[in-house]
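The values are calculated or read from the model by the stated rules, or taken from the named source; none is laboratory data. Quick caveat, the model's predicted, so the values are computed rather than measured. Glycine gets a Cβ as well: all are built from the backbone with ideal geometry, and neighbour counts include every protein chain shown.
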Amino acid sequence: MSDNLAFWLSYLTNGKHLTWYASFQFTIFAALAGGMLAVIFGLAGATLKNSRFLPLRLIGSTYSSIVRGVPDVLFFLFFPLAFEQAVEWFIASQVCTPETLAAQSATWPPCKEANWFLGTPEYLILASVSLGLVYGAFATNVIHGAMRSVPQGQLEAARAYGMSATQVLWRVHIRQMWVYALPGLSNVWMLIVKATSLLSLLQIADIVLWADRLGAPNYLSAVGLVHDDWRWRYYLVLFVFYILVTFASEKAFGALMNRAGRGILSEARS
Amino acid sequence: MTWFIEELALFAPAIVFNIYFAVASIPLGFVAAVFLALGKDSANPLISRLSRGFIYAFRGSPLFIQFFMIYSLTLSFNISLWKPLGLSWFVLHPLFIGPLVLTLNTAAYTAEIFYGALRAVPRGEVEAARAYGMSRRQQFRQVVWPNLIRLAWPAYTNEVVFLFHATAIVYFALPVIGLQKDVMITAKELFERDYNAFLHFSVAALYFLAVSLVIFFLFGLVYKRLMRHMPAAPRMRFMPKWIR
């Protein structure tokens, strides 16, 4: 029994497993950064949608409807690739000479000097930005709807107190908006958490990639077969991990909603 | 212009796979969802707990992980079960596993929609049906179900569009066999060939957008038929909710 325990303890703390545990930071970072960016893009999109200037309004609604009309994976893959190419194109217009252009045989980049190598941190940031862009479109709609749910009387009262338009917006409108936006934003957050499982598609060695590597049949010449195909066990762990994250998020958002709703009589809380 | 038609033609066989995954999983998921929703509402604590747990687990975890988990689980039974039965060519095929996982996933999401609609069925109508002496089966068939499906239809349309979008990740999790590639894999391979991200991904997006519009149109027709007793049938908006 103690032998067994010792085996499991050393198995679960070997170098590869420690790397796996460490790779949770990528997922957590992408979720938090993506979530924050989604709220920022959502606020920006909702402001655009509320604008009195027609072209801005059009930009806001086109952004929210186009991004939501295509699968999130598509945009998630497209944005980092397109951004990388755009940067390389810009570098190429600066550094490439006719000689280097002629020397390049591959289709892309235009010349070898223009190649921009992306490591894990860069991809992680790009992935977070694209999560923010995709789910910002969802948040745009949520925040846009919430802005319109704030009772008109509250805004009129604020104006009657002599507040300027900016003061009304920042001190009353946006503060009261959160009560109505939080249920929707909680949904968006759940979507972001689930979308973080896609990080491995951008060559980030995240929890999914490591689960696949660790679970694959493991043969060491010194020991023999350590274990056969254990991938399903690792994926089961991830499955449970995500369910726990969802559970914790639900609880956290419930507490947040209670706190945001203090002193506000509203049916949005019930 | 011809290059654009050629590009569209490259994706045409690929979209068939996405449509296949959606069409194969939607009817089964629909039926399973009805039972799951009734199960969640059941007075029997065991049935209720089990349905709740299933719905929570499959709504609370990413589809991508579900694909990997179920595929590796079936793979681990290969030597002990599928191979002796001579079934491995079938059970391990992406065209079987894909719809299987999608069915489980959409069943959970749809069950939550149906459960919400089930709670929203007017109590008075059910009581009236009871007062008429209808049996449980009759009550469900004549009163609850017609109400439920009408209440749930707009949200269900939304879910079907999301399911269709979810078919984009099937082949990122399952092996691509020969020429059986869906739209995303086609776009990715074309991109790796000539690095034209804007063209290939936009065309893929166009295909998804087009099929989503068709889904909205068809489901809108069904909704109109469901609502034909109303004086002015409420129009189905192009984008009802979009949150899954």
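The numbered conditions (1) within 19 Å of residue B:39 (Cα to Cα); (2) within 14 Å of chain A (Cβ to nearest Cβ); (3) surrounded by fewer than 20 Cβ atoms within 10 Å (Cβ to Cβ) are all true for residue B:105 except (3). Cβ-Cβ distance below 8 Å, separation of 6 or more or different chains: which pairs start in segment A:215-227 with a residue that is modelled with pLDDT of 80 or more and end on one that is among the basic types (Lys, Arg)? If the second residue must be among the basic types (Lys, Arg), the pairs left are A:215/A:231; A:215/A:233; A:216/A:231. If the condition is being at the interface with another protein chain (Cβ under 7 Å from one of its Cβ atoms) and touching a helix residue (DSSP H, G or I) at 6+ places or on another chain (Cβ under 8 Å), then segment B:192-204 contributes B:195, B:197, B:198, B:201, B:204. Residues in segment B:176-197 that are at positive phi and within 28 Å of the chain's Cα centre (by Cα): B:178 only. Looking at B:84, B:62, B:94, just one residue is more than 13 Å from every other protein chain (Cβ to nearest Cβ) and in contact with a helix residue (DSSP H, G or I) (Cβ under 8 Å, 6 or more places away or on another chain), and that residue is B:94. Summed over segment B:30-57, residues that are touching a Ser or Thr at 6+ places or on another chain (Cβ under 9 Å) and either in a helix (DSSP H, G or I) or within 14 Å of another protein chain (Cβ to nearest Cβ) (or both) total 14. Screening residue A:212 against (1) assigned to a helix (DSSP H, G or I); (2) touching a Ser or Thr at 6+ places or on another chain (Cβ under 7 Å); (3) over 19 Å from residue A:132 (Cα atoms) leaves a single unmet condition, (2).
Can you find a residue in segment A:244-261 that is within 8 Å of chain B (Cβ to nearest Cβ), of a type in the set (Ser, Thr, Tyr) and on the phi < 0 side of the Ramachandran plot? Yes, the conditions are met somewhere in segment A:244-261. Restricted to segment A:56-74, and to residues there that are at the interface with chain B (Cβ under 7 Å from one of its Cβ atoms) and at pLDDT below 85, the residue that is surrounded by the fewest Cβ atoms within 10 Å (Cβ to Cβ) is A:65. Restricting attention to segment A:197-214, and to residues there that are within 14 Å of chain B (Cβ to nearest Cβ) and among the small types (Gly, Ala, Ser), which single residue is nearest to residue A:47 (Cα to Cα)? Selected residue: A:197.
A single member of A:106, A:102 is surrounded by fewer than 18 Cβ atoms within 10 Å (Cβ to Cβ) and within 14 Å of chain B (Cβ to nearest Cβ), and it is A:106. Annotation note: Cβ proximity below 6 Å between a residue of segment A:173-196 that is within 16 Å of residue A:262 (Cα to Cα) and within 14 Å of chain B (Cβ to nearest Cβ) and a residue that is hydrophobic (A, V, I, L, M, F, W, C) and in a helix (DSSP H, G or I) (sequence gap 6+ or interchain) occurs for A:181/A:142; A:181/A:143; A:181/A:146; A:182/A:257; A:182/A:260.
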